[in-house]
Amino acid sequence: MCAQIVAGVDGSGLAAPVLTDLAERRRTPARAALGSSSERLIRVIGRALLRLPASTWLVVDLSVLVLGIYLAYCSFPPPEMLITPHIALWQALAVFAFSTIMSSLVFGLYERETLMSRARILTRMFLTTGVACVLSYAIIYVVMYSLVGRRISTMAMSVFLVGGVGVRLGAWWMVQKVHCGLLVVGSKALYRSLETAQQNGLLHEYRLVGYATSGKTDHDDQRDASCLGKILQQVGGLPALGVTDIVVGENDARDPDVMEWMVPCLQAGCRVTSEAIFYEKATGQILVDEITPSWFLFADLRVHCDEHATLKRLTDLVIAGFGLCLSATLWPLIALAVKLGDGGPVFYSQDRVGENGRIFRLYKFRTMRPDAENGKSIWCAPNDPRVTRVGLLLRRTRLDELPQLYNVLVGQMSLVGPRPERPDIVEELCRKVPYYAERHLVKPGITGWAQISYRYGSSIEDAKRKLQYDLYYLKHMSFELDMIILFRTAGTFLRGAC
């Protein structure tokens with residue numbers, strides 16, 4: 001830490017020569033990170049793009065699509081003397097807009113992570129455009145009994161594809177320039193946890209400056225190049241380090257000295273947040289190790305909101321009933337494939353823990369050998385050898401979950417919620433993972449925030465990570481979030497992924 005920002009540090013901090021050396025080593029990359037005014041402008045725009053709501057991107061896409069359809073109708077006006085008429089311009093706008101919106105939601109085009117990868121931008125734009133075109137033709141020909149010219153649809157969707165990809169690649173380029181300086185006030189463990197999260201593909205837009213302690217700096221911290229010593233005594237040194245965001249650990253937030261120091265930081269233009277709030281917003285998880293029983297009091301959970309519960313149940317009944325009718329023709333084919341695979345039973349049932357700890361019987365199409373468990377619960381693992389060849393296909397397409405629509409209809413499950421586990425595994429996890437039982441405050445679901453955000457769990461550590469997503473869902477559960485999860489699950493089904 002430089003002399004500017006350590007004025008008044010007592011003997012418990014780092015020695016002055018060491019502080020000066022640390023400052024000089026950090027000043028050079030920090031100044032280079034600031035760059036010219038044009039680079040700063042690009043970073044400002046990049047940060048704004050990361051914070052844009054999905055509705056803004058939706059307006060951008062619809063504007064490009066409307067332009068494409070208008071140009072197509074101007075370039076290739078439909079003939080008038082036909083038995084089956086072409087749809088009018090306003091009808092084409094409505095149909096193609098509806099199809100594009102549905103497809104983009106299914107394939108996660110408006111998710112924040114889309115802007116983080118060129119491959120993801122290209123893949124999701126191509127999938128969205130292709131499915132939107134097929135869906136539009138289906139509506140126009142089957143429902144409206146009308147026509148639309150191939151040249152019109154080709155030009156309209158080409159303009160949408162090129163424009164959408166171009167805008168997003170430009171946004172991706174600007175987002176890559178965003179490296180907000182992040183200072184951690186707390187322990188070395190907190191800094192390392194954020195460093196690990198960054199290595200796992202999170203916190204893309206942040207550059208970890210280092211960590212400062214609120215108390216006495218021990219010898220391990222003094223030897224750590226990431227340690228800046230005690231908290232900054234003057235906020236004038238923050239710009240020199242390129243600090244724009246500050247995360248304060250839960251224990252350090254109770255220190256009066258830290259509380260006094262935070263106000264000048266806010267006045268200097270830095271954003272100061274607690275460890276739990278920062279982690280929740282940046283990763284879509286709740287830190288299990290940092291919450292206390294009072295968290296459930298202040299989180300304002302909506303698990304017992306009658307209006308939300310009624311709407312959720314109505315949605316479950318409509319979609320589950322429609323899903324059973326729509327998939328009825330697949331059931332005999334799936335049953336035949338499972339039976340011919342190894343001659344075992346078609347269905348598989350198992351006790352699971354539901355809402356408020358109640359046990360219910362869950363049904364699935366069998367994907368494992370009949371002797372896979374022999375009465376003993378065993379964690380599933382990636383590339384599990386117990387899974388049959390037919391079962392592997394069913395799992396990748398999630399078709400093995402279809403019988404659970406019955407569990408939804410009878411009210412034992414919901415479409416969206418925490419994944420139900422077996423009673424003996426739940427008992428073990430409740431002993432080893434704090435607040436694991438609280439995920440049973442709501443009905444379990446066929447899909448959920450944890451399922452679409454984290455890989456298939458096969459250990460206690462995985463169960464803990466998935467619990468962090470489940471608690472995030474408990475806190476933020478809403479009809480809108482349920483729809484986002486359902487659309488993303490539909491995209492997983494269409495891509496045939498796990």
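The values are calculated or read from the model by the stated rules, or taken from the named source; none is laboratory data. These numbers come from a predicted model, not from an experiment. A quick note on method: Cβ atoms are made from the backbone with ideal geometry, for glycine too, and the neighbour counts reach across all protein chains shown.
Just for region 429-477: of the residues that are in a helix (DSSP H, G or I) and among the hydroxyl-bearing types (Ser, Thr, Tyr), which one is surrounded by the most Cβ atoms within 10 Å (Cβ to Cβ)?
Residues of region 429-477 in a helix (DSSP H, G or I): 429-432, 436-441, 449-453, 460-476.
Next, from what is left, pick out any that are among the hydroxyl-bearing types (Ser, Thr, Tyr): 436, 453, 469, 472-473.
Details: TYR436: 22, SER453: 18, TYR469: 22, TYR472: 19, TYR473: 24.
The extreme case among them is TYR473.
Among the candidates GLY210, GLY164, GLY170, GLY149, single out the residue that is of a type outside the set (A, V, I, L, M) and not assigned by TED's automatic domain parsing to the domain that holds THR123. Steps first, please.
Numbers: GLY164 fails: not assigned by TED's automatic domain parsing to the domain that holds THR123; GLY170 fails: not assigned by TED's automatic domain parsing to the domain that holds THR123; GLY149 fails: not assigned by TED's automatic domain parsing to the domain that holds THR123.
Unique residue meeting the criteria: GLY210.
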Exercise. Filter region 83-111 down to residues that are at pLDDT below 90 and of a type in the set (Val, Ile, Thr) and give me whichever is surrounded by the most Cβ atoms within 10 Å (Cβ to Cβ).
Key: VAL106
Quiz prompt | Lone unmet requirement of (1) assigned to a helix (DSSP H, G or I); (2) exposed (fewer than 14 other Cβ atoms within 10 Å of the Cβ) for GLU80 | solution = (1)
Quiz prompt | Residue within region 369-391 that is out of contact with any His (no Cβ under 9 Å at 6 or more places or on another chain), over 24 Å from ILE452 (Cα atoms) and buried (at least 16 other Cβ atoms within 10 Å of the Cβ) present | solution = yes
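Out of the residues in region 125-144 that are among the hydroxyl-bearing types (Ser, Thr, Tyr), within 12 Å of ILE87 (Cβ to Cβ) and in contact with a Ser or Thr (Cβ under 9 Å, 6 or more places away or on another chain), state the one that is surrounded by the fewest Cβ atoms within 10 Å (Cβ to Cβ). Working first, answer last.
Step one: of region 125-144, the residues among the hydroxyl-bearing types (Ser, Thr, Tyr) are 128-129, 136-137, 141.
Checking which are within 12 Å of ILE87 (Cβ to Cβ) leaves us with 136-137, 141.
Subset that is in contact with a Ser or Thr (Cβ under 9 Å, 6 or more places away or on another chain): 136-137.
Working: SER136: 23, TYR137: 16.
Among them, the one singled out is TYR137.
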Self-check item: Near pairs, Cβ below 9 angstrom, 6+ apart or cross-chain, from region 293-316 (on the phi > 0 side of the Ramachandran plot) to any residue that is assigned to a helix (DSSP H, G or I)
Solution: ASP300/LYS475
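Conditions (1) farther than 30 Å from PHE298 by Cα; (2) in contact with a Ser or Thr (Cβ under 8 Å, 6 or more places away or on another chain); (3) at pLDDT below 75, marked per residue:
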residue: VAL178; (1), (2), (3): yes, no, yes
residue: TYR191; (1), (2), (3): no, yes, no
residue: LYS230; (1), (2), (3): yes, yes, yes
residue: TRP261; (1), (2), (3): no, no, no
residue: ALA276; (1), (2), (3): no, no, no
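For region 197-228, name all the residues that are closer than 18 Å to GLU250 by Cβ, surrounded by fewer than 20 Cβ atoms within 10 Å (Cβ to Cβ) and at pLDDT 75 or above.
We begin by selecting, within region 197-228, every residue closer than 18 Å to GLU250 by Cβ; these are 197, 211-215.
Checking which are surrounded by fewer than 20 Cβ atoms within 10 Å (Cβ to Cβ) leaves us with 197, 215.
Result: ALA197, single match.
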Self-check item: Yes/no for GLY323 being closer than 25 Å to ARG488 by Cβ, of a type in the set (Gly, Ala, Ser) and in a loop (DSSP other than H, G, I, E, B)
Solution: no
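Listed residues LEU115, LEU147, LEU122; which is surrounded by 19 or more Cβ atoms within 10 Å (Cβ to Cβ), at negative phi and of a type in the set (A, V, I, L, M)?
On the way: LEU147 fails: surrounded by 19 or more Cβ atoms within 10 Å (Cβ to Cβ); LEU122 fails: surrounded by 19 or more Cβ atoms within 10 Å (Cβ to Cβ).
On inspection, the qualifying residue turns out to be LEU115.
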Exercise. Pairs only if they're at least six apart or on different chains, beta carbon under 8 angstrom, first in region 52-73 and closer than 16 Å to PHE98 by Cα, second among the aliphatic types (A, V, I, L, M) and not in a helix (DSSP H, G or I); list them, first residue then second.
Key: TRP57/LEU109; ASP61/LEU109
Practice problem: State which residue is nearest to PRO434 (Cα to Cα) when the search covers only region 254-296 and only residues that are in contact with a Gly (Cβ under 9 Å, 6 or more places away or on another chain) and small (Gly, Ala, Ser). | Solution: SER274
